[in-house]
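For reference, the structure discussed in these notes is given below.
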Amino acid sequence: MFPRLTGRLARLRPHGLLAALLVPLPLLGPLDAAAQGEKPIDLVKAWEADAGKKTSAIGAGKKAAFFCANCHGDDGNSRYPEVPNLAAQNSAYLVEQIRKFGSGERKDDFMQGLIKVLNDEQKAQIALFYADAKVSPIKAGAVGDINRGKGLFSRVCSGCHGAEAKGNETIPRLAGQQGEYLKKSLLRYRNKSGERLYAPMSAVTAQLSDSDVEAVVAYLSALKN
């Protein structure tokens, strides 16, 4: 199977991930004939412009994401600290990350394997479902100096991620994100370990010490809205 998969499989419900890997997902289908052949990002934009189709897509996305829920939670709020929350992320951003995992631009054997079972309509539907979900308050934030982290975020990160860390179509939301996941991602960029490849982030994080990373993570994971 995939490297690093065994540990996660042990924590998943038997009918979830294994079913997704061994049995094709039910074909939920496009919301209209025009959807056939469209790229996921085009589908997202079209469905967001039509309230009825958006509602239908969100409902279909909840069904298509049944195996995602084993790690990312039923409503996009992660079950595990090392796995990111997807709730309230921008739908266009989510679709682009799905594409990157599928192409190998983002490297995670676990995710790359799962993305292969999705068709383009399902990718768009899942993105809309998670974008519509609400972030639950983090019960236990990361250890670090929150006030110092706020200052570092404002100086180093807010220019791209926004003053409230809510991101946009191309930049991820960080507010209320899982602390362990944030720390892991920042260190991967800073240390250029290869899992996350984006030169601007590597340049920005290069100036952060370990204690700086802890402080920024503590601040971001504590944001509630």
Quiz item: Would you call F129 farther than 21 Å from A65 by Cα and at pLDDT 95 or above?
Solution: no
Self-check item: Residue that is crowded, with 16+ Cβ neighbours inside 10 Å, basic (K, R) and under 21 Å from E169 (Cα atoms), where the choices are K123, K39
Solution: K123
Self-check item: Of all residues making up the stretch 43-72, the number that are assigned to a helix (DSSP H, G or I) and open to solvent by less than 60 Å² (accessible area, probe 1.4 Å)
Solution: 15
Quiz prompt | Options L208, L128, L187, L174; residue that is open to solvent by 40 Å² or more (accessible area, probe 1.4 Å) and among the aliphatic types (A, V, I, L, M) | solution = L187
Quiz item: Tally time: how many residues in the stretch 80-120 are assigned to a loop (DSSP other than H, G, I, E, B), over 20 Å from K39 (Cβ atoms) and either in contact with a Lys or Arg (Cβ under 8 Å, 6 or more places away or on another chain) or at pLDDT below 90 (or both)?
Solution: 6
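The values are calculated or read from the model by the stated rules, or taken from the named source; none is laboratory data. From a predicted model like this one, the values you see are computed outputs, not experimental measurements. Don't worry about glycine lacking a Cβ; one is built from the backbone with ideal geometry, like all the others, and counts go over all protein chains shown. Calculation scope for accessible area: heavy atoms of the full protein, side chains included, ligands and nucleic acids excluded. Shrake-Rupley method; radii C 1.70, N 1.55, O 1.52, S 1.80 Å.
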